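*Asks:* Shown below is the structure under consideration.
The values are calculated or read from the model by the stated rules, or taken from the named source; none is laboratory data. From a predicted model like this one, the values you see are computed outputs, not experimental measurements. When we count neighbours, we look across all protein chains shown, and the Cβ atoms used for this are built from the backbone with ideal geometry, even at glycine.
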Amino acid sequence: MNRRQLLARSGALAGSLAIARHFARAAANPFTLGVASGEPSPDGFALWTRVAANPLAPDGQGGMSGPVSLTWEVAADDAMRNVVRSGTVEADRRLAHSVHVEVGGLDSDRPYWYRFTALGERSPIGRARTAPVPNAQLDRLRFAFASCANWELGYFSAYRHMAEENPDLVVFLGDYIYEHTYAGKNADRVLRKHDGPTATDLAGYRNRYALYRTDPDLQALHRAAACLMTWDDHEVENDYANEWSEHLETSPEDFLRRRAAAYQAYYEHMPLRARSLPKGSALRVYDRFRFGNLATFSVLDGRQYRTKQPCATPTKRGGHLVPASCAELFDPQRTFLGHDQERWLYEGFQRSEVAWNVIAQDQLVARLRERTDAGELGYWTDDWDGFPLARQRMLEAIAATRPANPVFIGGDIHSFWTNDLKVDFDASSSPTVATEFVGTSITSDPPPYHLFMGFLPDNPHVRYFESRHRGYVAVDLTLDRMETRFQIVSDRRDPNATRSLLKRFVVESGKAGAIPA
Ligand code: FE
Ligand code: CA
């Protein structure tokens, strides 16, 4: 690391940078992990912080021991002069001194500012907007979405630029952390090392989240706006499915123990509502959030309830390419979301009253025909292509209930995509029933550009693909149109990376499918 660059880019955060550089040294201010807000409603939002004097203490307790009392304040102004709500909350070792405050009683559709005080020290000030009331006329909403931030492979400049867009809302679509660590022949690719080896237990997952939250760009993004969030696989383990590890020798019982630790650490570090407290190895993250008459976000969970990937080989259960002769692919019992979540989603489509229905989830929805070594058009088993009938059910539900302007947003594949979604991807006459945008990674490695470009002639519903850049997606929504910007950073290895616009798309209300702008 270049110390001068680091200090220059964020003098105010020198404290947390010092922590990142000297893991063992205790800080005077215990708010080393910043603050965050999430799940906005018309009368409030969830507030989060975790006090950690020594965020990477080996026992996962952040250098804290006894209970700590925190005060929280919500103000109507950015200088925190006009405090409109406040309270106290206890933090202790059971949840690694994290707190989740559900603030209510606020006015709808306006910004608020908040902070915490503990041990005689103040946290940074964060900002969050309340949602409009359900039937309010909302003229515009700006949101940005992100996925796949691997600490070891780069700096989080993309997060800094997201914050600078001044979004009303941020959506995290998974791989917020990576549980594994580059080692062996890949170790020389590491730009900044993880805190320790692959996370498998509660202390390991806690410290992984804590490390990521020491990042000044990620802290800035959380201070800038409330977020919605879901996860993908790396919050637990690469390519896991429900109770199944990608490793065939791991029993469901052992894997669920690991998943419980990972889910608890996730809860402890995310601005979820206190009612989301995990029960054993279960944590409900799917939910729906409405913003006046303009938009609803259905946030899905694509990992916890899915059927295991089809046609495992003797050595591999996770993502791999299989031909259509894998009969298990077309078993109608297979589910990506789980039957309860599917029912909940389709009921939401049916009842929708808003102009735009955003479905925020972890993976590529569109069919992607990839050539197998034998030259067949294969199915990647770990994403929606491994669940083709579940995908068809979902798109049929959209075609049947016709929620206004359904738009899927996703991540996982470390590249930008704009796709037309169809009930039947194999029938050229099948109409486009929904639009899909997939964002590239914040830092994680891309799929090979030329190989994937070679797949496009077999996938005419793919309107755009680009994997050579890291970045995020920003969206400006009005009643009439959705304008989507694919934003890229100059270099993931540069802590001062600059931003530029790669590509812009527009979706006109009433017409599924994006148009280059
Ligand atoms: Fe990823
Ligand atoms: Ca993933």
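*Asks:* If I ask for residues that are among the β-branched types (Val, Ile, Thr) and under 13 Å from Pro406 (Cβ atoms), which ones from the range 358-372 would you list?
*Replies:* Val358, Ile359, Val365
*Asks:* Yes or no: the range 447-469 includes at least one residue that is away from ligand 1 (no atom under 16 Å from the Cβ), hydrophobic (A, V, I, L, M, F, W, C), assigned to a loop (DSSP other than H, G, I, E, B) and farther than 19 Å from Val358 by Cβ.
*Replies:* For the range 447-469, residues away from ligand 1 (no atom under 16 Å from the Cβ), hydrophobic (A, V, I, L, M, F, W, C), assigned to a loop (DSSP other than H, G, I, E, B) and farther than 19 Å from Val358 by Cβ: present.
*Asks:* Count, please, the residues in the range 366-381 that happen to be in a strand (DSSP E or B) and within 18 Å of Trp417 (Cα to Cα).
*Replies:* Going through the range 366-381 one residue at a time, the tally reaches 3.
*Asks:* So, in the range 88-107, exactly how many residues are β-branched (Val, Ile, Thr) and within 23 Å of the chain's Cα centre (by Cα)?
*Replies:* Residues in the range 88-107 being β-branched (Val, Ile, Thr) and within 23 Å of the chain's Cα centre (by Cα): 3 in total.
A quick yes/no check of all residues on (1) in contact with a helix residue (DSSP H, G or I) (Cβ under 9 Å, 6 or more places away or on another chain); (2) free of Cβ contacts under 8 Å to residues at least 60 places away in the same chain:
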{"residue": "Asp301", "(1), (2)": "yes, no"}
{"residue": "Arg306", "(1), (2)": "yes, no"}
{"residue": "Cys311", "(1), (2)": "yes, no"}
{"residue": "His320", "(1), (2)": "no, no"}
{"residue": "Tyr346", "(1), (2)": "yes, yes"}
{"residue": "Glu353", "(1), (2)": "no, no"}
{"residue": "Trp356", "(1), (2)": "no, no"}
{"residue": "Leu368", "(1), (2)": "yes, no"}
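*Asks:* Tell me yes or no: at least one residue of the range 56-63 is closer than 14 Å to Phe31 by Cα, aliphatic (A, V, I, L, M) and in the same structural domain as Gly126 (by TED's automatic domain parsing).
*Replies:* The answer is yes; a qualifying residue exists.
*Asks:* Would a scan of the range 240-250 turn up a residue that is within 16 Å of ligand 1 (Cβ to nearest atom), within 18 Å of Lys316 (Cα to Cα) and under 18 Å from the mean Cα position of the chain (by Cα)?
*Replies:* There is at least one residue in the range 240-250 that is within 16 Å of ligand 1 (Cβ to nearest atom), within 18 Å of Lys316 (Cα to Cα) and under 18 Å from the mean Cα position of the chain (by Cα).
Condition check ((1) closer than 30 Å to His180 by Cα; (2) not small (Gly, Ala, Ser)) across all residues:
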{"residue": "Met394", "(1), (2)": "no, yes"}
{"residue": "Pro403", "(1), (2)": "no, yes"}
{"residue": "Ala434", "(1), (2)": "no, no"}
{"residue": "Thr440", "(1), (2)": "yes, yes"}
{"residue": "Pro448", "(1), (2)": "yes, yes"}
{"residue": "Pro457", "(1), (2)": "no, yes"}
{"residue": "Ser467", "(1), (2)": "yes, no"}
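*Asks:* Restricting to the range 445-459, give me the number of residues that are surrounded by 13 or more Cβ atoms within 10 Å (Cβ to Cβ) and more than 26 Å from Asn150 (Cα to Cα).
*Replies:* The total comes to 4.
*Asks:* Out of the residues in the range 283-321 that are in a strand (DSSP E or B) and of a type in the set (A, V, I, L, M), state the one that is nearest to the chain's Cα centre (by Cα).
*Replies:* The extreme case among them is Val299.
*Asks:* Could you pull out the residue among Arg351, Arg371, Arg343 that is in contact with a Leu (Cβ under 9 Å, 6 or more places away or on another chain), surrounded by fewer than 16 Cβ atoms within 10 Å (Cβ to Cβ) and more than 24 Å from Leu248 (Cβ to Cβ)?
*Replies:* Just a single option satisfies the conditions, and that option is Arg371.
*Asks:* Got a number for residues in the range 145-191 being within 15 Å of ligand 1 (Cβ to nearest atom), among the charged types (D, E, K, R) and closer than 15 Å to Gly471 by Cβ?
*Replies:* 1
*Asks:* Then there is this: In the range 417-432, what count of residues is obtained for those that are away from ligand 2 (no atom under 16 Å from the Cβ) and surrounded by 20 or more Cβ atoms within 10 Å (Cβ to Cβ)?
*Replies:* The total comes to 7.
*Asks:* Continuing with this model, one more query. Please enumerate the residues belonging to the range 382-427 that are more than 18 Å from Asp458 (Cβ to Cβ) and part of a loop (DSSP other than H, G, I, E, B).
*Replies:* Hits for the range 382-427 are Asp382, Phe387, Arg402, Pro403, Ala404, Asn405, Gly411, Asp412, His414, Val423.
*Asks:* Could you list all residues from the range 322-337 that are closer than 24 Å to Phe255 by Cα and part of a loop (DSSP other than H, G, I, E, B)?
*Replies:* The answer is Gln333, Arg334, Thr335, Phe336, Leu337.
*Asks:* Just one of Val506, Val462 is without any contact (Cβ under 8 Å) to a residue 40 or more places away in the chain and within 27 Å of Asp426 (Cα to Cα); which is it?
*Replies:* The match here is Val506.
*Asks:* If I filter the range 229-263 down to residues being in contact with a Leu (Cβ under 7 Å, 6 or more places away or on another chain) and over 18 Å from Leu173 (Cα atoms), which single residue comes out as surrounded by the fewest Cβ atoms within 10 Å (Cβ to Cβ)?
*Replies:* Step by step, filter the range 229-263, then rank; the result is Glu243.
*Asks:* Here is a follow-up. Check Thr443 against each of (1) away from ligand 1 (no atom under 16 Å from the Cβ); (2) touching a helix residue (DSSP H, G or I) at 6+ places or on another chain (Cβ under 6 Å) and name the one condition it does not meet.
*Replies:* Of (1) away from ligand 1 (no atom under 16 Å from the Cβ); (2) touching a helix residue (DSSP H, G or I) at 6+ places or on another chain (Cβ under 6 Å), only one is false for Thr443: (1).
*Asks:* Could you figure out which of (1) surrounded by 22 or more Cβ atoms within 10 Å (Cβ to Cβ); (2) part of a strand (DSSP E or B); (3) in contact with an Asp or Glu (Cβ under 8 Å, 6 or more places away or on another chain) isn't true of Phe437?
*Replies:* (3) is the only condition that Phe437 fails.
*Asks:* Please find, within the range 391-415, the residue that is farthest from Leu345 (Cα to Cα) out of those that are touching a residue at least 60 places away in the same chain (Cβ under 8 Å) and within 16 Å of ligand 2 (Cβ to nearest atom).
*Replies:* Per the stated criteria, the residue is His414.
*Asks:* Restricting the search to the range 194-220, which residues are surrounded by fewer than 23 Cβ atoms within 10 Å (Cβ to Cβ), over 18 Å from the mean Cα position of the chain (by Cα) and of a type in the set (A, V, I, L, M, F, W, C)?
*Replies:* Matches in the range 194-220: Leu202, Ala203.
*Asks:* Further question: Say we look at the range 148-184 and pick out the residues that are aliphatic (A, V, I, L, M) and touching a Ser or Thr at 6+ places or on another chain (Cβ under 6 Å); which of these is farthest from ligand 2 (Cβ to nearest atom)?
*Replies:* Leu153
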